[in-house]
Amino acid sequence: MSRIIIISNRLPITIKKNKNGLVFEQSAGGLATGMSTLQEKNERLWIGWPGIANEQLNNGDKDSLQTKMTAMGYYPVFLSQSQVEDYYNGFCNKTIWSLFHCFTQYTEYENQLWDSYRRVNQIFCQTVLEIIKPDDIIWIHDYHLILLPYLLRKRIPGLTIGFFLHIPFPPVEIFRLLPWRNEMLEGVMGADLIGFHTYDYVRNFLDSVLRLRGYENRLGFINYQNRIIKVDSFPMGIDFDRFYNTSEQYKTKKEIKKIRDKVKNYKVIISVDRLDYTKGILERLKAFATFLEDNPEYWEKVIMILVAVPSRTTVTQYKKLKQQIDEKIGYINGQYGTLGWSPIWYLYRSLPFPELTALYYISDIALITPLKDGMNLVAKEYIATKKDSLGILILSEMAGAASEMGESLIVNPNNRTQISWTLKYALNMDEQEQQKRILSLQKRLKNYDVKKWADDFKENLIKIKDEQKNLAAKYLSPKNRLKIIKDYQQSFHRLFLIDYDGTLVPYHYKFKQAAPSTDVLGTIQLLCQDAKNRVVIVSGREKNILEKWFKDVPVDLIAEHGAWLKKGSDNWKTIEPLKKEWKEQIRPILELYTNRTPGSFIQEKEYSLVWHYIKTEPAFGRTRALELMDSLTYLTSNLDLEVNHGGRVIEIKAAGINKGITAYQWISEKKWDFIMAIGDDWTDEETFAHLPAWAYSIKVGSGMSQSKYNIHSSIEVRSFLKELAKKSSF
Ligand code: ADQ
């Protein structure tokens, strides 16, 4: 059984040094819980920085630390104070964190910080190499280690590497601002599986890969340097049961009672975050002030408990924000407070689990309005804690969690009027409505908790690795070449179905109007010299271009992905039958949206899939439909489909023609005893699908395919075709 190696910037354990020596403090974060599930089936090791700088450790400390930690399943990466400063406080938090959250105004582009980031990624790589075995499964976490997948891949090419980004991936217009964007993309593409919280981030990433590096994807699969990479969304969950059951634990019950005695009959709005500019705390306070201003009837009736965990306290931006928040709270309490009532109760510290969950439990409303947030686990924790099903979540549409938590009240974090109005609406929501919303949110959180998330990621990683291995096994070996040549020599009626771009000529010709070279025409000419051979060029190109290019060779032509066909000297013709295999690829997306959108459903017709949202809450259904259209437009952009939106339905149907159906006109024409189809992309898969089982299908490149064999390049295609042609016996 393979070992799982988790790599993150910080270990879930912190080392401190006091006069008695080294002290270990375990932290029970959400990630640690998720990762703990992995050790049920595999041996697990976690590599990361233990939170103490080299300068505080002597050699003896380091040795004893390593021994003790290894026994606990951890392995430390040692960093100096200046490395932590320039890499973590520097590049990670002043460059990546701000840029990826679209705060370009706070982003610093300093070569010195970048150098340190690269250096620390290399230190991580060296540490990992000290203990790694080739069949280990590596799971790298987050933006601190974006270069690590590539560094490890370079050293051990066959390694199984997964990468998960916990923060948003920005739109390409923002990402491209980074001077080191190409190195970052190459870094992460060293992984086999790349995970994000939401489809939006997946889309942004794929967009950057296409526009900055020129790699296309098909349904999230990228064919990169003869390796298939999968990019997908895995919305991180929480330890649902732990939060759901907390209100029955002794310590939490005690806290609940204590807090209830203090908050008396006030309606309680809770706000919990790390103190970070992305969390929108200042904007939230302004919105709360608007609410108080607009609704004096709630004075002395409502309080907001604002909990902020100190974070990155040495970074200037954070110091400034802390000061602004302190001032704003002071202003609101001064402006609206009375002798016995302060509208905001402020806690600036980390809270133990029973206290934090007691606060969640007693709160009537959670107001969580980040300006940008990868996921936001607090929103999920709040809902999970509500065993009595009472409470309302007001959630920013900018949090990744919003795409799964449609039953909460979704707001724009910058729209104070909307937030003020929504607070009033929430304060008046009846219990039945609250229960309905919470129960359906809880069901989803329970189904996809943090353990399921971790398992799902691991399984997908193993699956993509298996697919890569299957593919490697399909490369056309010398032995198989000989077998094909033998069959060729023994046959009398041969059909060749050959794609043009990416097959006879390299893929990048697609973007040019380049005519076939003399070598390409010579190869085809050579094949056509044998009267037993019938050659069809099966292309997506326009018919007039193909006709012009191949006018001097006696080939048949299929143009525009099967829309047009031309046999010998006949005129061009069209055909129009329909196919439906694409449904297997599109259905999961519709199912995902159906799961996330109560009231919606899928209707399956023979040649189309229809997503209905007539029975959903109108505004919510419409928002979801627009999101789905966005995903579908993207996902179907290189599939042969039409997507139509109207009348509260979205319909996806086959456009009706493809290379395979048209190629079948030749395949079914007579009793061939040798058929060979060669192609490089998804449009050629249709040709492969229409072949009899005994025919030879060859895919150019390392993409996944139903072909029998794969071949590396168009050069190899031409040389193999020439080799075959030369074996003709006249
Ligand atoms: P964070 O930005 O830290 O995480 P979040 O997902 O909300 O944001 O997680 C915060 C965690 O801290 C929660 O588990 C919460 O319980 C805990 N916490 C908050 N306030 C606390 C307090 N006062 N005392 C104790 N604990 C407190 C990053 C990304 C997120 C992404 C997560 C996970 O920025 O978008 O959801 O990683 O991928």
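Can you tell me which residue in the stretch 154-168 is nearest to GLY190 (Cα to Cα), limited to those that are over 20 Å from the mean Cα position of the chain (by Cα) and modelled with pLDDT of 95 or more? Show your work before the answer.
Step one: of the stretch 154-168, the residues over 20 Å from the mean Cα position of the chain (by Cα) are 154-159.
This time we only want the ones that are modelled with pLDDT of 95 or more, so: 154-156, 159.
Details: LYS154: 8, ARG155: 11, ILE156: 11, LEU159: 10 Å.
Residue satisfying both the conditions and the ranking: LYS154.
Could you please find all residues in the stretch 377-401 being out of contact with any Lys or Arg (no Cβ under 8 Å at 6 or more places or on another chain), within 17 Å of SER233 (Cα to Cα) and either open to solvent by 10 Å² or more (accessible area, probe 1.4 Å) or at pLDDT below 95 (or both)?
Hit for the stretch 377-401 is LEU377, nothing else.
Does LEU347 fit the bill of being among the aliphatic types (A, V, I, L, M) and surrounded by fewer than 21 Cβ atoms within 10 Å (Cβ to Cβ)? Steps first, please.
Working: among the aliphatic types (A, V, I, L, M): yes; surrounded by fewer than 21 Cβ atoms within 10 Å (Cβ to Cβ): yes.
So LEU347 passes the test.
So THR518 ticks every box in (1) open to solvent by 40 Å² or more (accessible area, probe 1.4 Å); (2) β-branched (Val, Ile, Thr); (3) in contact with a Leu (Cβ under 8 Å, 6 or more places away or on another chain) but one. Which box is left unticked?
(3)
Going by the conditions given, is GLU255 surrounded by fewer than 18 Cβ atoms within 10 Å (Cβ to Cβ), more than 16 Å from TYR348 (Cβ to Cβ) and either more than 14 Å from the ligand (Cβ to nearest atom) or of a type outside the set (S, T, N, Q) (or both)? Spell out the reasoning first.
Numbers: surrounded by fewer than 18 Cβ atoms within 10 Å (Cβ to Cβ): no; more than 16 Å from TYR348 (Cβ to Cβ): yes; either more than 14 Å from the ligand (Cβ to nearest atom) or of a type outside the set (S, T, N, Q) (or both): yes.
No; evaluated as a whole, the condition is false for this residue.
Which helices (runs of 4 or more DSSP H) sit wholly inside the stretch 241-349 and have at least 3 residues that are among the polar types (S, T, N, Q)? Working first, answer last.
Working: elements: 250-263, 281-294, 316-336.
In the stretch 241-349, 316-336 are the helices (runs of 4 or more DSSP H) which contain 3 or more residues that are among the polar types (S, T, N, Q).
Quick check, is LEU409 open to solvent by less than 10 Å² (accessible area, probe 1.4 Å), of a type in the set (A, V, I, L, M, F, W, C), under 29 Å from the mean Cα position of the chain (by Cα) and more than 11 Å from the ligand (Cβ to nearest atom)? Before the answer, list the steps.
Working: open to solvent by less than 10 Å² (accessible area, probe 1.4 Å): no; of a type in the set (A, V, I, L, M, F, W, C): yes; under 29 Å from the mean Cα position of the chain (by Cα): yes; more than 11 Å from the ligand (Cβ to nearest atom): yes.
It is false that LEU409 is open to solvent by less than 10 Å² (accessible area, probe 1.4 Å), of a type in the set (A, V, I, L, M, F, W, C), under 29 Å from the mean Cα position of the chain (by Cα) and more than 11 Å from the ligand (Cβ to nearest atom).
Please report, ordered by residue number, the helices (runs of 4 or more DSSP H) entirely within the stretch 143-210 with at least 2 residues that are open to solvent by 40 Å² or more (accessible area, probe 1.4 Å). Before the answer, list the steps.
Numbers: elements: 148-155, 172-175, 181-188.
The qualifying helices (runs of 4 or more DSSP H) are 148-155, 181-188.
Being modelled with pLDDT under 80 and open to solvent by less than 30 Å² (accessible area, probe 1.4 Å) is the filter here, so list the residues in the stretch 1-37 that pass it.
Quick first cut of the stretch 1-37, residues modelled with pLDDT under 80 only: 1, 26-30, 32-34, 36-37.
Selection gives ALA32, THR33, GLY34, THR37.
So which residues in the stretch 161-177 are within 17 Å of PRO134 (Cβ to Cβ) and touching an Asp or Glu at 6+ places or on another chain (Cβ under 6 Å)? So that I can check it myself, show each step before the final result.
Filtering the stretch 161-177 for residues within 17 Å of PRO134 (Cβ to Cβ) gives 161-162.
Within the stretch 161-177, ILE161 is the sole residue that qualifies.
Going residue by residue through the stretch 263-270, is there one that turns out to be more than 16 Å from the ligand (Cβ to nearest atom), under 16 Å from GLU355 (Cβ atoms) and in the same structural domain as MET429 (by TED's automatic domain parsing)? Reasoning before the result, please.
Going residue by residue through the stretch 263-270, those that are more than 16 Å from the ligand (Cβ to nearest atom) are 263-267.
Keeping just the survivors that are under 16 Å from GLU355 (Cβ atoms) gives 263.
Filter once more, keeping what is in the same structural domain as MET429 (by TED's automatic domain parsing): 263.
Checked against the condition, which is being more than 16 Å from the ligand (Cβ to nearest atom), under 16 Å from GLU355 (Cβ atoms) and in the same structural domain as MET429 (by TED's automatic domain parsing), the stretch 263-270 yields at least one hit.
Cβ-Cβ below 6 Å, separation at least six or inter-chain, first residue in the stretch 301-315 and within 10 Å of the ligand (Cβ to nearest atom), second open to solvent by 10 Å² or more (accessible area, probe 1.4 Å) and not in a strand (DSSP E or B): which pairs?
Once the first residue is within 10 Å of the ligand (Cβ to nearest atom) and sits in the stretch 301-315, its partners that are open to solvent by 10 Å² or more (accessible area, probe 1.4 Å) and not in a strand (DSSP E or B) give VAL309/SER350.
If you check TYR361 against the conditions, is it outside any helix (DSSP H, G or I) and touching a residue at least 40 places away in the same chain (Cβ under 8 Å)? It would help to see each step written out before you state the result.
Values: outside any helix (DSSP H, G or I): no; touching a residue at least 40 places away in the same chain (Cβ under 8 Å): yes.
The answer is no for TYR361.
Restricting the first residue to the stretch 674-693 and requiring it to be over 20 Å from ALA559 (Cβ atoms), which pairs with a second residue that is among the basic types (Lys, Arg) and open to solvent by less than 10 Å² (accessible area, probe 1.4 Å) meet a Cβ separation below 6 Å and a spacing of at least six or different chains?
PHE674/ARG494
Each row is one residue, and each column tells you yes or no for (1) outside the structural domain of PHE674 (by TED's automatic domain parsing); (2) outside any helix (DSSP H, G or I); (3) over 27 Å from the mean Cα position of the chain (by Cα).
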| residue | (1), (2), (3) |
| --- | --- |
| ALA426 | yes, no, yes |
| MET429 | yes, yes, yes |
| ALA454 | yes, no, no |
| GLU459 | yes, no, no |
| ASP466 | yes, no, no |
| LYS483 | no, no, yes |
| GLN489 | no, no, yes |
| PHE492 | no, yes, yes |
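Can you tell me which residues in the stretch 686-706 are in a helix (DSSP H, G or I) and crowded, with 22+ Cβ neighbours inside 10 Å? Steps first, answer last, please.
Step one: filter the stretch 686-706 for residues in a helix (DSSP H, G or I), giving 686-689.
Correct list: GLU686, THR687, PHE688.
Under 8 Å by Cβ, and 6 or more places apart or on different chains, what pairs join a residue from the stretch 395-411 that is at negative phi with one that is more than 15 Å from the ligand (Cβ to nearest atom) and among the aromatic types (Phe, Trp, Tyr)?
Every condition considered, the pairs that remain are SER403/TYR199; GLY406/PHE620; LEU409/TYR425; ILE410/PHE620.
Out of TYR117, TYR88, report the one residue that is of a type in the set (Phe, Trp, Tyr), part of a helix (DSSP H, G or I) and open to solvent by less than 50 Å² (accessible area, probe 1.4 Å).
Numbers: TYR88 fails: open to solvent by less than 50 Å² (accessible area, probe 1.4 Å).
Being of a type in the set (Phe, Trp, Tyr), part of a helix (DSSP H, G or I) and open to solvent by less than 50 Å² (accessible area, probe 1.4 Å) holds for just one of TYR117, TYR88, which is TYR117.
I'd like to verify a number: residues in the stretch 662-685 that are acidic (Asp, Glu) and crowded, with 20+ Cβ neighbours inside 10 Å, how many?
4
Condition (residue is within 14 Å of the ligand (Cβ to nearest atom), touching a residue at least 60 places away in the same chain (Cβ under 8 Å) and not assigned by TED's automatic domain parsing to the domain that holds THR33) applied to the stretch 386-393: is it met by at least one residue? Even if it seems obvious, please write down each step before you answer.
Our first condition is that a residue be within 14 Å of the ligand (Cβ to nearest atom); within the stretch 386-393, this holds for 393.
Imposing the further condition that a residue be touching a residue at least 60 places away in the same chain (Cβ under 8 Å) reduces the set to none.
Within the stretch 386-393, not a single residue is within 14 Å of the ligand (Cβ to nearest atom), touching a residue at least 60 places away in the same chain (Cβ under 8 Å) and not assigned by TED's automatic domain parsing to the domain that holds THR33.
What pairs come up if the first residue lies in the stretch 587-604 and is within 16 Å of GLY621 (Cβ to Cβ), the second is open to solvent by 70 Å² or more (accessible area, probe 1.4 Å), and their beta carbons are under 6 Å apart, counting only those six or more places apart or on different chains?
Taking only residues 6 or more apart or on different chains, the pairs are GLY599/LYS615.
Sort through THR246, THR278 and tell me the only one that's closer than 17 Å to THR357 by Cα, within 14 Å of the ligand (Cβ to nearest atom) and crowded, with 20+ Cβ neighbours inside 10 Å. Talk me through it step by step, then tell me what you get.
On the way: THR278 fails: closer than 17 Å to THR357 by Cα.
When all the criteria are applied, what remains is THR246.
In the stretch 361-376, how many are surrounded by fewer than 24 Cβ atoms within 10 Å (Cβ to Cβ) and over 22 Å from MET429 (Cβ atoms)?
Within the stretch 361-376, residues that are surrounded by fewer than 24 Cβ atoms within 10 Å (Cβ to Cβ) and over 22 Å from MET429 (Cβ atoms) number 2.
Checking SER637 against (1) out of contact with any strand residue (DSSP E or B) (no Cβ under 7 Å at 6 or more places or on another chain); (2) over 30 Å from GLY406 (Cβ atoms), which single condition isn't satisfied?
Of everything listed in (1) out of contact with any strand residue (DSSP E or B) (no Cβ under 7 Å at 6 or more places or on another chain); (2) over 30 Å from GLY406 (Cβ atoms), SER637 misses just condition (2).
Enumerate the strands (runs of 3 or more DSSP E) found wholly within the stretch 1-80, keeping only those where 1 or more residues are of a type in the set (Gly, Ala, Ser) and either over 19 Å from GLY162 (Cα atoms) or within 16 Å of the ligand (Cβ to nearest atom) (or both). Before the answer, list the steps.
Working: elements: 4-10, 13-18, 21-26, 44-49, 74-76.
The strands (runs of 3 or more DSSP E) meeting that bar are 4-10, 21-26, 44-49.
The values are calculated or read from the model by the stated rules, or taken from the named source; none is laboratory data. What you see is a predicted model; the values in this text were computed from it and never measured. Using ideal geometry, Cβ is built from the backbone for each residue, glycine included, and neighbour counts are taken over all protein chains shown. All accessible areas refer to the heavy atoms of the entire protein, side chains included, with ligands and DNA or RNA removed. Shrake-Rupley method; radii C 1.70, N 1.55, O 1.52, S 1.80 Å.
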